[in-house]
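Every read-out reported here was derived from the displayed coordinates using simple, explicitly stated rules and does not represent laboratory data. Keep in mind it's a predicted model, so treat the numbers as computed, not measured. Cβ sites come from the backbone with ideal geometry, for glycine too, and all protein chains shown count toward neighbours.
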Amino acid sequence: MVLEAMPLRSLFAGVALVFTCALLAGCGGSSSSRLSASEYRARLATLGKEADKVQRDVEKALTAKSVSEIEARLKASATADDRLGDEVSALKPPKDAEAANAELARGEHDTAAAARAALPKLEKFTSVQAALSFLNSINPRGGRELDHALTQLRKLGYAKGS
C-alpha cells in the first residue's frame, strides 16, 4: 500500500516554518525595537534556507523504520514548535505584520499541541504504515493558522513563495 504523503508533508512544512520563525527571532537586533519592513523581509528570506534543511530533517519520518522513530521526531517537533511560537511572539514586526505574526506564533503553539496529543495514540501502532496513516488523518488547526499567516505575510510583501 502506498501512502499519500502530502497531508503529512503539510504538517512537516509547518514545523519547518516554525524553525524559520525561531531563527528570525534570534537574528540580532534589539528585542524591544520594532523591525523595519526591510529587516523583517530580509530575515525571513535568509531563514527560508534554514527552514528547507529543517523540513528535510522532519520529513524523514515519512521513511521511518519504526514507530518509535516517528514518535521521537514528532516529540522533537512539538518541543521546537512551542519554543518557536514563544520566539515568534517576542518579535516586534512592522505594524502591518502584527496580526499575521501573532497568528504565526499561535499556529506554532497549536501545532505543538496537536503533535503532543497524537503521541499517546501512536503508542498503540506496531507498524510504521499504520502510524503514518493515522498522522495523515490529522488536520491540525495549527497548520491552517500557519498557512493563513504565511499567506498574509506574502500579501504584505514579507514572505516569498507559493
Using mean Cβ contacts within 10 Å as the protection proxy, how do 121-131, 101-111 order, highest first? 101-111, 121-131
Once you put a point 7 Å from the Cα of Asp147 and another 7 Å from the Cα of Ala72, both along the Cβ direction, what distance in nm separates them? 3.1
Quick check on packing: order 147-155, 79-87 by the mean number of other C-beta atoms within 10 Å, highest mean leading. 79-87, 147-155
How big, in percent, is the set of alpha carbon pairs in region 68-140 lying more than 20 Å apart? 38
Quote the FRET efficiency, to the nearest 0.05, computed for Thr79 versus Ala37 with a Förster distance R0 of 25 Å and r equal to the Cβ-Cβ distance. 0.20
Please work out how much length the chain gains when fully extended from Ala64 to Ser89, using 0.36 nm per residue of separation minus the C-alpha to C-alpha distance, in nm with one decimal. 5.8 nm
